[in-house]
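For reference, the structure discussed in these notes is given below.
The values are calculated or read from the model by the stated rules, or taken from the named source; none is laboratory data. Predicted model, so just to flag it, every value in this text is computed and none were measured. Reconstructed Cβ throughout: ideal geometry from the backbone, glycine too, with neighbour counts over all protein chains shown.
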Amino acid sequence: MSAYASALQIYAAGLVFARVGAMVMLIPGLGDAAVPPRIRLSLALLISMALAPVVSMGVKTVPSTVGALGGAVVHEIMVGIIIGAILRMFLTALATAGEVMSIQTTLSFAQTANPALGQQGSTLGTFLTLVGATLIMTTDLHHLFIAAIARSYSLFPFDRTVMLGDAASLAVKTMSDSFALGVQLAAPIIVFSLVFNIATGLIGRVMPQFQVFFVATPLSVILGLSILALSLGLIGMIWVSRYRDLLAIFT
């Protein structure tokens, strides 16, 4: 390889690929389980080739021991995992909103595989997470992912230790904010369910012979899905705006 690049250049490019690869494997949309690993690794390689000449200036020497070399690689992988995991955590806001909506509309029994989160979830939660991944691509938020990767070398240089305490605090805050946002996004369905259940309860008390469950269950599903359809645009706008604010931390 000495005819094409020096040992320092190869070492720096390897460190860049370790961080970028870990990040691309986790970021929403591009890092979903539905995307083949070869595609994700190829994208990470392309981004690494573009960034390496710019960000590798901070690498001064090649470690002389295997332990130091492994430690540097683990450092870059940890930085990539931290940033990618935090960006993916906010996607759980849509999954939380879908779960709450499913419970309120008696659709929680309908379970499907969620490709974004890599686990089983309600159908509405899966639908909303797919909507979120679509919005990321259509609103060009994935361009900010690349900006976050480049900016990470200013926030976390090669020679700086990983700030695990700050990363843990940011992860906890992101998860709590995403859960709160998920409940807020499901607020229209929650209000509808509260009013609808009170109304059906009153009807059941006034007319004991009336078969409430045979009428209430289909109406709950139809009206709940109708309210979801009417509020879907607002849900997407609010989530994209909050997600852009999260990306501003890294860009």
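For every residue, the table says whether it meets (1) in contact with a helix residue (DSSP H, G or I) (Cβ under 8 Å, 6 or more places away or on another chain); (2) free of Cβ contacts under 8 Å to residues at least 60 places away in the same chain; (3) of a type outside the set (Phe, Trp, Tyr); (4) on the phi > 0 side of the Ramachandran plot.
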{"residue": "Ala68", "(1), (2), (3), (4)": "no, yes, yes, no"}
{"residue": "Ile82", "(1), (2), (3), (4)": "yes, no, yes, no"}
{"residue": "Leu91", "(1), (2), (3), (4)": "yes, no, yes, no"}
{"residue": "Ser108", "(1), (2), (3), (4)": "yes, yes, yes, no"}
{"residue": "Gln111", "(1), (2), (3), (4)": "yes, yes, yes, no"}
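Scanning region 206-238 for residues that are of a type in the set (Val, Ile, Thr) and within 21 Å of the chain's Cα centre (by Cα), we see that the one that is surrounded by the fewest Cβ atoms within 10 Å (Cβ to Cβ) is Ile238.
Of all residues in region 144-159, those that are charged (D, E, K, R) and either within 16 Å of Ile81 (Cβ to Cβ) or not in a helix (DSSP H, G or I) (or both) total 1. Considering (1) at pLDDT 80 or above; (2) in contact with a Leu (Cβ under 7 Å, 6 or more places away or on another chain), the lone condition that Thr138 does not fulfil carries the number (2).
Residue under question is Ser241, and the condition is that it be surrounded by 15 or more Cβ atoms within 10 Å (Cβ to Cβ), assigned to a helix (DSSP H, G or I) and small (Gly, Ala, Ser); does it hold? Against the criterion (surrounded by 15 or more Cβ atoms within 10 Å (Cβ to Cβ), assigned to a helix (DSSP H, G or I) and small (Gly, Ala, Ser)), Ser241 does not qualify.
Conditions (1) touching a residue at least 12 places away in the same chain (Cβ under 8 Å); (2) more than 21 Å from Ala33 (Cβ to Cβ); (3) surrounded by 13 or more Cβ atoms within 10 Å (Cβ to Cβ), marked per residue:
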| residue | (1), (2), (3) |
| --- | --- |
| His142 | yes, no, yes |
| Phe145 | yes, no, yes |
| Phe158 | yes, yes, yes |
| Leu181 | yes, yes, yes |
| Leu185 | yes, yes, yes |
| Ser193 | yes, yes, yes |
| Ile198 | no, yes, no |
| Gly204 | no, yes, yes |
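Of the helices (runs of 4 or more DSSP H) lying entirely inside region 29-128, the ones with 2 or more residues being among the aliphatic types (A, V, I, L, M) and modelled with pLDDT under 85 are found at 37-55, 66-89.
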